[in-house]
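Down below is the structure, laid out as structure tokens.
Read the figures in this text as sums done on the coordinates, not as results from a lab. From a predicted model like this one, the values you see are computed outputs, not experimental measurements. Heads up, the Cβs are rebuilt from the backbone with ideal geometry, glycines too, and the neighbour counts pull from every protein chain shown.
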Amino acid sequence: MNFSVKTYFALMFALLAVAQDSFAAVETHFSAGVTAYEAGQFELAAQNFSASPAETAASGTLLNLGLANWRCGRTGGAILAWEQVAWLDPLNRDARNNLSFARETASVDALELTWYEEASTWLPVNWWTWLAVGSLWLAVAFVTLPGFFRMRKAAWLQTVAALSLGVFILSLAPSVGIVTRSNVGIVLENQTSLRLTPTQSAESTASLPSGEPVRELRRHGDYFFVHTQNGNGWVEQRQIGFLVPTVR
């Protein structure tokens with residue numbers, strides 16, 4: 001395949017155009033959502049805010065989506081949106097305050113996390129990945145490059161390598177926590193039935209309130225087998241929203 005400089009720049013300009021169009025679409029949905037919210041049209045605002053993070057997740061948009069869902073009486077949708085903000089930006093004080101208020105109002109508790117999942121909430125999810133990958137490569141570089149360039153292994157090089165390796169080891173547990181936390185979801189519909197088997201005719205063992213957190217254990221067809229504070233059971237896929245919907 002012939003690849004010229006002209007072809008390269010044509011491809012770059014095409015990618016930039018696509019990125020600009022995507023950004024323009026996000027801005028349009030966000031602006032329309034803000035306008036609708038200020039006018040008291042909360043359902044329309046929720047629709048626009050929902051369309052925006054579908055194209056690119058943004059904590060500000062999700063925060064507003066939670067507010068719009070709360071105004072519409074969708075407690076589960078509001079809590080899910082604010083949980084997603086906390087997933088992207090655990091330092092967001094507004095999301096934490098909104099979650100605390102919503103849980104207290106709806107009488108639902110936060111999901112109990114393991115110690116490594118709790119550690120993964122200390123920093124934004126992407127940071128742990130960059131820390132793990134960056135520190136590992138830094139440790140490898142400071143161990144191998146001096147020998148490759150026939151340099152004397154100075155004490156400071158060994159110190160940096162040791163520190164980098166330590167950061168890598170410490171970031172492993174939170175990285176595992178991120179993976180396991182991706183199975184956490186929120187009940188979207190009030191009085192959601194927790195069933196014995198993945199069928200509509202199955203006996204209901206409990207009724208889950210909107211906003212209650214669950215943890216997916218496995219999937220069968222259109223049903224998830226989940227762990228809840230009321231025990232384990234099957235719920236319909238449409239009744240659960242996950243923190244990371246793209247992994248499903």
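Seen from every direction in turn and averaged, the convex hull around the alpha carbons of region 59-130 projects onto 4.8 nm².
Under conditions of 25 °C and 0.890 mPa s, region 116-178 yields 199 µm² s⁻¹ as its translational diffusion coefficient, taking Rh as the Kirkwood radius over Cα pairs in the Stokes-Einstein equation. Remark: the ALA202-GLN158 segment gains 9.6 nm on full extension, using 0.36 nm per residue and subtracting the alpha carbon distance. Considering only the other residues whose Cβ falls under 11 Å of the Cβ of ASN190, what net charge follows from Lys and Arg at +1 and Asp and Glu at -1? Taking every other residue near ASN190 into account, the sum is -1. Considering region 184-247, its Cα convex hull presents a mean projected area of 3.7 nm². Sequence-ordered 3J(HN,Hα) estimates for region 214-231 from the Karplus curve with 6.51, -1.76 and 1.60 and θ = phi - 60° stand at 9, 10, 5, 9, 6, 10, 9, x, 9, 10, 10, 8, 10, 9, 10, 6, 9, x Hz, glycine and proline given as x.
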